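Novice: My questions will all concern the structure given below.
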Amino acid sequence: MEPREFHWPFSVFYSSLASFLEPGYRDLARRMEIGEEAETLLDLGGGDGRLAVAIARRYPGLRQITSGDISPDMTRRAQRRSDKAGLSSTVSAQRVDMHALPYEQGRFDAVVSFGTLHHARQPAAALAEAYRVLRPGGRLCLIDGYDRPSFATLRQGVRNFGGSLAATVLYWCGSKDCLPRQQIESLVADANLPGIEVVFDEPLAIIQGTKERGKDDMPVQSHAG
Ligand SMILES: C[S@@+](CC[C@H](N)C(=O)[O-])C[C@H]1O[C@@H](n2cnc3c(N)ncnc32)[C@H](O)[C@@H]1O
């Protein structure tokens, strides 16, 4: 299977299984270490909005969270989740392609994603776009699997996230498309993004850091509201 967007009915299937992973999304939100000063955040490939909602609850200082996904069904689901959670003034879903984001440079105080990079047709373009729309001084945190973990490793990881055996099977099927560790290392090295590094915490690769301020950077105003 070519890694691509999640069309209906796969989106329904994924969304149903992800519902068992709520503690995992809360844990991810905490791990992403969004600075308290951040007001705007983009979740790339945000799926059905579970992470965006967990982030909104974990970081009440965020005024505007965008859950961006290329799948129309996932986008609808994310908006519905935000509305149901009473967060529609904070979390909005938008249909976007991570390879060509419809935002100006420096638009967001933080850019995050989970399980999205391996869906990119061109991971280098997606990474460059994520960095472009991040403001200098902003936090980048893109988390994805790498290589193909053994079923036992994945089972333990999913269990730590509160997930069921069915969720492990789902992730294990998806993990066959994960990028090899070496490719992720080269991707980050070649991109040469000041302030950004990759760390590996089996079974996850975490591309993270703070975008360095260049000496020519103008202070970028928040566009929220
Ligand atoms: C494995 S799911 C992860 C969803 C969500 N981040 C989560 O953790 O529940 C990958 C998501 O990436 C989206 N996606 C795939 N290609 C994309 C693209 N070019 N631009 C934006 N999103 C994309 C899919 O539609 C899908 O919702």
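Novice: Placing +1 on the Cβ of each Lys and Arg and -1 on the Cβ of each Asp and Glu in segment 14-135, which of Met32, Ser92, Gly61 has its Cα farthest towards the positive end of the resulting dipole?
Specialist: Positive-end residue among those listed: Ser92.
Novice: Could you give the nm distance between label points at Ala128 and Asn160, where each point is 7 Å from its Cα heading toward the beta carbon?
Specialist: Result for the modelled spin labels: 3.4 nm.
Novice: Along the charge dipole of the chain, pointing to its positive end and built from +1/-1 on Cβ of Lys, Arg, Asp and Glu, which listed residue (Val111, Val169, Ala128) has its Cα farthest out?
Specialist: With unit charges placed on the Cβ atoms, the residue in question is Val169.
Novice: Continuing with the same structure: If we count other beta carbons within 10 Å of each Cβ, what is the order of Leu21, Leu41, fewest first?
Specialist: Ranking Leu21, Leu41 by Cβ neighbours within 10 Å, fewest first, gives Leu21, Leu41.
Novice: With each pseudo-label sitting 7 Å past Cα toward Cβ, what's the Lys176-Glu197 distance in nm, one decimal?
Specialist: Between Lys176 and Glu197, the label points sit 3.5 nm apart.
Novice: Then there's this: For segment 131-221, restrict the atom set to alpha-carbon positions and state the Rg and Dmax in Å.
Specialist: When restricted to the Cα atoms of segment 131-221, Rg and Dmax are 16.3, 51 Å.
Novice: Hey, what D do you get for segment 72-225 in µm²/s if you plug the Kirkwood alpha-carbon radius into Stokes-Einstein at 25 °C and 0.890 mPa s?
Specialist: Reported coefficient: 144 µm²/s.
Novice: Using amide H atoms built 1.01 Å from N in the peptide plane, name the residues 5+ places from Leu42, or on other chains, whose amide H lies under 5 Å from its own.
Specialist: Amide H to amide H, under 5 Å and 5 or more residues apart or across chains, Leu42 pairs with Thr66, Ala110, Val111, Val112.
Novice: Starting from the amide H of Gly137, placed 1.01 Å from N in the peptide plane, find each other amide H under 5 Å away whose residue is 5 or more places distant or on another chain.
Specialist: Amide H neighbours of Gly137, under 5 Å, 5+ apart: Lys211, Glu212, Arg213.
Novice: Please give the calculated 222 nm ellipticity per residue for the chain, where each DSSP H segment of at least 4 residues contributes -39500 (n - 2.57) and the sum is spread over every residue; nearest 500 deg cm²/dmol?
Specialist: After summing the helix terms and dividing by residue count, I get -11000 deg cm²/dmol.
Novice: When the dipole is taken about the Cα centre of the chain, and only Lys, Arg (+1) and Asp, Glu (-1) are charged at their Cβ, what size is it in debye, to the nearest 20?
Specialist: 640
Novice: Just want the ordering: His99, His118, from fewest to most Cβ atoms lying within 10 Å of their own Cβ.
Specialist: Exposure proxy ranking, most exposed first: His99, His118.
Novice: Would you pull out the residues with amide H under 5 Å of Val91's amide H, same chain only if 5 or more places away, H placed 1.01 Å from N?
Specialist: Placed amide hydrogens put Ile65 under 5 Å from Val91.
Novice: To the nearest 0.05, how large is the calculated FRET efficiency for Ser16 and Arg95 if R₀ is 25 Å and r is the Cβ-Cβ distance?
Specialist: 0.70
Only the coordinates and a few stated rules stand behind these numbers; no lab work does. Bear in mind that the values here come from a model prediction, so they are computed numbers and not experimental data. Backbone-built Cβ (ideal geometry, glycine too); neighbour counts: all protein chains shown.
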